[in-house]
Each structure stands twice: as structure tokens, then as C-alpha cells.
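Below is one structure, written out as C-alpha cells; the observations come after it.
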Amino acid sequence: STEFHQMTGRAGRRGMDNIGFAMVLPGKFMDIRLIAKLISSPPSDIVSQIRINFSMVLNLLFSYSPDQIEELLKKSFATYLITKGKKSAGKFIANSYNYLSKDFIGHLNFLKETGYVKSNGELTADGKWASKLRVDQPLLIAEGFRLGVFPESNPAFLAAIIASFVDERETEGRIDKEFMPKSLLSIFLKVKKALKPFSKLMVTKGFETKTLFLSPAVTIHAWATGQPWEKIVSASEIAEGNLAMLILRTADNLRHIRALKQFFPKASETAKKSIELIVKEPVANDYNVDL
């Protein structure tokens, strides 16, 4: 039933419509009675919602020791299953916790190897500010700051580059050369080249990494520099709802960079200006977004 609700919930424009209309065409293998039953059925059980990632580990290490975190993981998982009334919870908890613990240790060891965590489990100076990056790609963005490759003095370029870390597409999108200044391409290639060794290290250690594409950077740069909404939608071939979500998620990532004022004052101020450039009509009005 969860899959059915997720599928029907996508009717309408992503991130824009509160109501969507879907048409069902009866087919030879379609069970209409089952569909009627699924409409009013509750979502299926989810075994566990705990997912270990670098943002989570850095955030927890800011307040707890590794031993305390492992105990928290164990208690949280056990409580979740027990309150759900799962049978044979004890054995299931043990097996699942062992997996979570191994995953946590793997993330912790990588953070130690790359200088974000000390050998005793405490955050290094870099680890402390990196823990404030509650974003999808905290380590790649943190590494970009370490290497000094981000355009920290140009709001439009900074918004564009951050958009490449945010975009969820797995292939390069359409690029309109009219919207792509050579300086943006140069900065993008510089960032991608600088982060390549770190990305390779992540893959070597068994972690997923983000492939950076140019098209979202070009799209957001065009929007930040005043190109009309309709023209950008047409040139990028991105649905309006998806474009709005790209802008909003880019702005959210920029807010976390803005919060690094104590560590990167110039980038923080530029991120603030970047947000002002991209959070504007029609996005700001349709989504009631505050800067």
C-alpha cells in the first residue's frame, strides 16, 4: 500500500500542487477492487528508518562519544521495534544493530582518515564546522572549502556550483550555451577536478559519491543573473515543479554555508547574497519561503 500511495501522490506538479488528478484506465490484469481497497488502506510497515550517513555521524559526534552513539543507536532501534510489537524482536534487533554498528564504524574510520575526527573520536577543528553542514553532500562540500575552490566572492557562481551538489539527476541535462559563460565553465571544471581525488577515495572505501553535472549549475546561474523564468524552463527542459525544488534545495544548502560565518566569513556573506538572488518570484510566492 505504501508504494501505491507514493505513486498516486505524485499526480500533479512536483512540489507545486496540493491536489493531483490521476486517471486509471482498466486493463486485462488490473484488479479494480484491490485499487479501491488500497486507497483507504494505511501505509505498510517500515522496518527501520535509521540510515547512517556522514552528516548524521558528524552531528552526533559534536555532542557524544563514539561509544555513546553506538548505545543510542541500539536503544533507538530496539524501542522502535518493541513499540511496533514485532515478534522475535530480540534476534532481529541484534542482527540489525550489528549492521548499523558496522556501518557507523565505517563512517567514523573514514572521518578519522580524512582529518575530520581525532583518533579518540572527538571532532577536529574541521570536523566541528563540517558538522554544521546538514546537507546531502557534507564531505564533498566541506572538502571544497578545505581546498578553497569555491567562488566565495561571487553570489551567482556560488549558487550555481552548490546546485550541482544538490541536483538529483543521474545524467547530464540539456545545456543552453546562451546561458553558459566561459567563467562558469572554468570554475565548475576547477571544482570537479579538485574534488576528484576525494571522491575516488570515498568510492574506494565503499561510500557512494555524487557525480557533479554542469547543467544544474548553468540553470541556477541563469536564474540568479536575472533570466526570465519561462525562458529558463524552456531552455533547461526541466519541469517547473522540479526547477522550483532545485532552487529551494540549493537555497537550503546555501543557508548552511551562511551559518559558517565564524569559520568562513566571506563565503557566509556571499551565500546570504546567493539566497537573495535565487529565492524570488515565482518561487518565493508559490512556496511562502523566507530568506
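Quick note: the coordinates plus some simple rules give every number you see, no bench work behind them. Given the structure is predicted, the values throughout are model-derived calculations rather than measurements. Cβ placement follows ideal geometry from the backbone for every residue including glycine, while neighbour counts extend to all protein chains displayed.
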Mean Cβ count within 10 Å, highest first, over the residues of peptides 262-272, 242-252:
242-252, 262-272
Spelling out what I want: for every residue of segment 212-217, take phi, set θ = phi - 60°, compute 6.51 cos²θ - 1.76 cosθ + 1.60 (Karplus), and round to whole Hz; glycine and proline get x.
8, 10, 6, 4, x, 5
If we sort 222-228, 160-166 on the protection proxy, mean other Cβ atoms within 10 Å, highest first, what's the order?
160-166, 222-228
Too-long pairs where the Cα-Cα distance tops 32 Å, listed order kept, from Lys196/Lys266; Lys74/Lys190; Lys74/Lys266:
Lys74/Lys190; Lys74/Lys266
Highest to lowest packing among 203-210, 175-182, scored as the average C-beta count within 10 Å
175-182, 203-210
Under 5 Å between amide hydrogens, which residues at least 5 positions from Val117 or on another chain qualify, with H placed 1.01 Å from N in the peptide plane?
Lys112, Thr124
First select every other residue whose beta carbon is under 14 angstrom from the beta carbon of Leu277; then total the charges, Lys and Arg +1, Asp and Glu -1.
+2
